[in-house]
Amino acid sequence: MRLFQPATFSTDWEIMIFDRQDRVVPTDKIMGLAGLLSREMGLPIQIDDNTLECAMGINSSYEQLRDRIIRVTDRAADLFGLYDLGLCPAASHPIEGLFNASHIHVGTVTDEVQAIRLENQLIPYVPVFAALAANSPLAGSRRGEYKSYRVRHWAHHCTFPASVRDPALSQERWGLDAGPKLRGASTVEVRITDAATSRQFLAELVTFVAAVLHTLGSQPAPPLPTAAEYQDAMVNRWVAARDGLQATLRWQGKLLPVTDIIEEMMDNAREALAGIGAKRSDLTTIESMLRKRVCQADFARDLAGRYSDDYMLASVYTKVMRHWDSFERFLETATPLDPIAPPDDEEILTIHRDQIGEASPLYVTRDTMGLPASAADALLGELIERGWVRRNEDPNRGTLLTRIA
């Protein structure tokens, strides 16, 4: 049975708006223009937390989606430009505490039980999508430790890891990295993907993700992930946020560069790509990214390397991002990057220890990598046994952890 009937897809692209003084324009100031753009385009364009959310409607082909993205953003740039306002497509901002996404919707879904099974199946794939889309290395004066601060910090709890779910024993849950969303349009929504900087890359990313989901949705559901496989997926999620396309993931019992995994996924999705009017040779930006292991975050980090002052960087950043092909031009001359080794068990322990300060709440050991309770408790037990961390129970504040120097 095919899950997606028909095999449609779309994206909601969140785009920040800035004025001439490089100030983010608040939600209430852009609401009217968003409504006008929606009426002109005949699409459900709206606003969301100081961003213009460009919903691209229901699409059945790569070309249809790509043309819509270009038409909508061309008109949006002209319309907001009349008021000296500029569009800044990026997943984060060097100063503003904003995280933006390019949510991907794959539809149409009418069987929620089967969609939940696909949600479970997607758990290992979600970090791969995050690595490819990583585009938030500059966030609120933080620079470059992660290629996606948005994924690392769970987008202010607007995207968070899925648990393994039994359709007979679970309720609908909003905000998962990927899962069914049946209120309104019936789709499987992939929320983990950072907002794109490039229109061409966005069209390719959405098409690629849709083809992968169309492929998986036409296959029998595999067994549920084991505890070890689930834990690997959570570590991979963290690694993808840190390393982008340089990531090396724990994949089916091996360590593989994420670019190799994407290559395999693209080959497996050839038939589904053809079904939506695309082939690998159409995904030129993704192909170049894979060859060089360069993602959009590397473009932003390269720009940040030229400007030490956060406000100067923010001013340049918002202006550069208004050129829709800036990333592609950077990619043409970018130096290829090497894979980065994944953290081993000892490094994972150290990473968790370093998140603990003086009287830190217990959840820092959960939020670091999203490890399930059993794995997080085992890790905490090891930290305590080594004398690295002290645990105290406070009747008012709960379990508190203190790192021992």
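Just so it is clear, none of the values below were taken in a lab; they were calculated from the coordinates. Since the structure is predicted, the reported quantities are computational estimates derived from the model, not experimental observations. Cβ sites come from the backbone with ideal geometry, for glycine too, and all protein chains shown count toward neighbours.
Any idea what diffusion coefficient region 1-137 gets from Stokes-Einstein, in µm²/s, Kirkwood Rh on alpha carbon pairs, 37 °C, 0.692 mPa s?
200 µm²/s
If each residue of separation counts as 0.36 nm, what is the full-extension length gain between Ala77 and Asp325 once their alpha-carbon separation is subtracted?
Computed gain between Ala77 and Asp325 is 87.9 nm.
Compute the Rg/Rh shape ratio of region 306-405: radius of gyration over Kirkwood radius, all on alpha-carbon atoms.
Looking at region 306-405, the ratio lands at 1.20.
I'd like to know how region 322-361 sits against the 2.2 N^0.38 Å rule of thumb: what's its Cα Rg over that expected value?
2.11
Determine how many Å³ per residue the convex hull of the Cα atoms of region 345-403 encloses.
Hull volume normalised by residue count: 72 Å³.
If the viscosity is 0.890 mPa s and the temperature 25 °C, what translational diffusion coefficient in µm²/s does Stokes-Einstein give for region 254-369 when Rh comes from Kirkwood over Cα pairs?
137 µm²/s
Under a cut-off of 25 Å between alpha-carbon atoms, report the lysines in cross-link reach of Lys292, not counting same-chain residues fewer than 8 places apart.
In chain and number order, the partners are Lys147, Lys254, Lys279.
GNM, the chain, Cα, under 10 Å: largest mean-square fluctuation among Gln231, Gln219, Gln121?
Among Gln231, Gln219, Gln121, the largest GNM mean-square fluctuation belongs to Gln219.
Label point 7 Å out from Thr399 along Cα-to-Cβ: which residues of region 149-189 have amide N under 14 Å?
No residue passes the distance filter.
Calculate the tail of P(r) for region 163-288: the fraction of all Cα-Cα distances greater than 25 Å, expressed in %. Kindly include the intermediate steps, with their values, before the conclusion.
Details: 2337 of 7875 pairs.
The proportion of pairs with Cα distances above 25 Å equals 30 percent.
How big is region 104-237 on each of its three principal axes, counting only the C-alpha atoms and giving the largest first in Å?
45, 33, 24
Taking 2.2 N^0.38 Å as the expected size of a compact globular protein, what ratio does the Cα radius of gyration of region 4-333 give against it, to two decimals?
0.94
If you take the Cα atoms of region 112-174, find Rg, then find the Kirkwood Rh from the mean of 1/r over all pairs, what is Rg/Rh?
Answer for region 112-174: 1.08.
Under a 5 Å amide H to amide H cut-off, with H placed in plane at 1.01 Å, what residues pair with Val109 once short-range neighbours are removed?
Hits under the 5 Å cutoff: Ser186, Thr187.
Using a Debye calculation, one point per C-alpha and no hydration shell, please list log10 I(q)/I(0) for region 246-315 at q = 0.15, 0.23 Å⁻¹ in order.
Treating every Cα as an identical point scatterer, log10 I(q)/I(0) equals -0.67, -1.00.
Which value at 222 nm does the chain reach when only helices count, each DSSP H run of 4 or more adding -39,500 (n - 2.57), with the total divided by all residues and rounded to the nearest 500 deg cm²/dmol? Before the final figure, lay out the partial values.
Numbers: 17 runs with 178 residues, N = 405.
So the helix-based figure for the chain works out to -13000 deg cm²/dmol.
Which residues does a label at Gln252 reach in region 184-213, if reach means a backbone N under 12 Å from a point 7 Å past the Cα toward the Cβ?
No residue passes the distance filter.
Quick one, what does Rg over Rh come out to for region 23-80 if you take C-alpha atoms and the Kirkwood Rh?
0.99
How high is the FRET efficiency from Arg391 to Ser163, r the C-beta distance, R0 30 Å, rounded to 0.05?
Taking R0 as 30 Å, the efficiency between Arg391 and Ser163 is 0.75.
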